[in-house]
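K.L.:
Take this structure first; my questions come after.
The values are calculated or read from the model by the stated rules, or taken from the named source; none is laboratory data. Small disclaimer: the values here were computed from a predicted structure and weren't measured. Neighbour counts are summed over all protein chains in view; Cβ atoms, including those assigned to glycine, are modelled from backbone coordinates with ideal geometry.
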Amino acid sequence: MNPQEYAELADRIRPAFMAKLREEKLPADQEEPLCRAYLPLADWVHRQKTVGKPLLLGVNGAQGSGKSTLCAFLQLILAEAYGYRVTGFSIDDIYLTRTERERLGRETHPLLVTRGVPGTHDIALGRQTLQKLFDPAGGPVAMPAFDKALDDRRPQTEWTEYEGPADIVIFEGWCVGAKPQAEAELSEPVNPLERDEDSDGIWRSYVNRQLQGPYADLSGQIDRLIMLKVPDMECVYEWRSLQEQKLAGKTALTDGKQRTMDAEGLRRFIMHYERITRHTLAEMPGRADLTLFLDHNHQFTNPDTLP
């Protein structure tokens, strides 16, 4: 994107972009740095789109990396600037219900009660949703939704509807596009959770098999994969802590069901994700179609180097 094209695009979408900043509760002074990152990114996605063929864009990033914000602005720009019919959802939206995970915990391994790892999602629901979104016949598509404060899927009566078909669907998540590890890599625990609560490796082997099977089938539908690469696991904890604070502030429940976490609970929670996160940080940059690097200040280090 040359400077003139950038300036024209920025002017065209500025009112909608500023409205989205307010909606996301981001300060107005973020317009310039976010535009500098997101406008070339949207142009890159536009250039991946084949006329007459829908595009499934996968976005991978560790917890707290900013996937949701990036995808929200990307949807906005692709719609406002390029006229695409675009929507998206997160792999978090298709978690199994709490009842289903509790049954999985009893029948397979107790750690599977905790949402997040492969095996705790309804992959069939994800495939069905994508199929309906890309159906040329169009029509309303119920978009799955999960309530993290309650740790349970929202009833379908509360799901929003998207009028299909979509030109572009953005599918984001911390393990979207993740690859399984070699069996030998599973033998040594990576943290105290694995050492103390999965000493026989049953849980991590089950999770790895899910990546080899149903998750690989779903990831195989992705046309282009973008990775948000965080610097290290400590950033994952720090940035996810900020998310938890925002989540706690959004929902004030009086029935005792809210399940936001304190610092100790959050660190234990992230241990469930650590193995796959470390593996993905090591191997995905070499195969993703586009990798966006984040520094310790949560800023892009290479926004001006997009192809």
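K.L.:
Among the residues of segment 169-193 satisfying the criterion of being assigned to a helix (DSSP H, G or I) and aliphatic (A, V, I, L, M), which is surrounded by the most Cβ atoms within 10 Å (Cβ to Cβ)?
P.N.:
193
K.L.:
Let me ask something else about it. In segment 67-97, which residue that is charged (D, E, K, R) and surrounded by 22 or more Cβ atoms within 10 Å (Cβ to Cβ) is modelled with the highest pLDDT?
P.N.:
It comes out as 93.
K.L.:
Out of segment 22-65, which residues are within 24 Å of residue 221 (Cβ to Cβ) and of a type in the set (Gly, Ala, Ser)?
P.N.:
42, 52, 58, 61, 62, 65
K.L.:
If you don't mind, there's one more thing I want to ask. In segment 135-150, which residues are surrounded by fewer than 19 Cβ atoms within 10 Å (Cβ to Cβ) and in contact (Cβ under 8 Å) with a residue 40 or more places away in the chain?
P.N.:
143, 145, 148, 149, 150 - these are the residues of segment 135-150 that are surrounded by fewer than 19 Cβ atoms within 10 Å (Cβ to Cβ) and in contact (Cβ under 8 Å) with a residue 40 or more places away in the chain.
K.L.:
Of all residues in segment 50-76, which are in contact with a strand residue (DSSP E or B) (Cβ under 6 Å, 6 or more places away or on another chain), within 18 Å of residue 229 (Cα to Cα) and among the hydrophobic types (A, V, I, L, M, F, W, C)?
P.N.:
57, 59, 71, listed by residue number.
K.L.:
Something else now. Testing residue 124 on (1) outside any loop (DSSP other than H, G, I, E, B); (2) modelled with pLDDT of 95 or more; (3) crowded, with 19+ Cβ neighbours inside 10 Å; (4) not charged (D, E, K, R), one condition comes back false. Which one is that?
P.N.:
With respect to (1) outside any loop (DSSP other than H, G, I, E, B); (2) modelled with pLDDT of 95 or more; (3) crowded, with 19+ Cβ neighbours inside 10 Å; (4) not charged (D, E, K, R), residue 124 is out only on (3).
K.L.:
Specify the residue that is surrounded by the most Cβ atoms within 10 Å (Cβ to Cβ); the eligible residues are those in segment 194-222 that are aromatic (Phe, Trp, Tyr) and under 29 Å from residue 56 (Cα atoms).
P.N.:
By that ranking, first place goes to 215.
K.L.:
Can you go through 64, 88, 58 and tell me which one is assigned to a loop (DSSP other than H, G, I, E, B) and in contact (Cβ under 8 Å) with a residue 24 or more places away in the chain?
P.N.:
Exactly one residue qualifies, and that residue is 64.
K.L.:
Test each condition in (1) in contact with a Pro (Cβ under 6 Å, 6 or more places away or on another chain); (2) under 23 Å from residue 222 (Cβ atoms) for residue 161 and report the one that comes out false.
P.N.:
(2)
K.L.:
If we keep just the residues of segment 18-54 that are among the acidic types (Asp, Glu) and in a helix (DSSP H, G or I), which is surrounded by the most Cβ atoms within 10 Å (Cβ to Cβ)?
P.N.:
43
K.L.:
Here are some residues: 254, 260. Which one is buried (at least 17 other Cβ atoms within 10 Å of the Cβ), modelled with pLDDT under 85 and in a loop (DSSP other than H, G, I, E, B)?
P.N.:
Going through 254, 260 in turn, just one is buried (at least 17 other Cβ atoms within 10 Å of the Cβ), modelled with pLDDT under 85 and in a loop (DSSP other than H, G, I, E, B): 260.
K.L.:
Just checking, does segment 163-181 include any residue being hydrophobic (A, V, I, L, M, F, W, C) and over 17 Å from the mean Cα position of the chain (by Cα)?
P.N.:
Yes; the residues of segment 163-181 include at least one that is hydrophobic (A, V, I, L, M, F, W, C) and over 17 Å from the mean Cα position of the chain (by Cα).
K.L.:
For residues that are small (Gly, Ala, Ser) and not in a helix (DSSP H, G or I), scanning just segment 195-227, find the one that is farthest from residue 89 (Cα to Cα).
P.N.:
For segment 195-227, the residue satisfying everything is 199.
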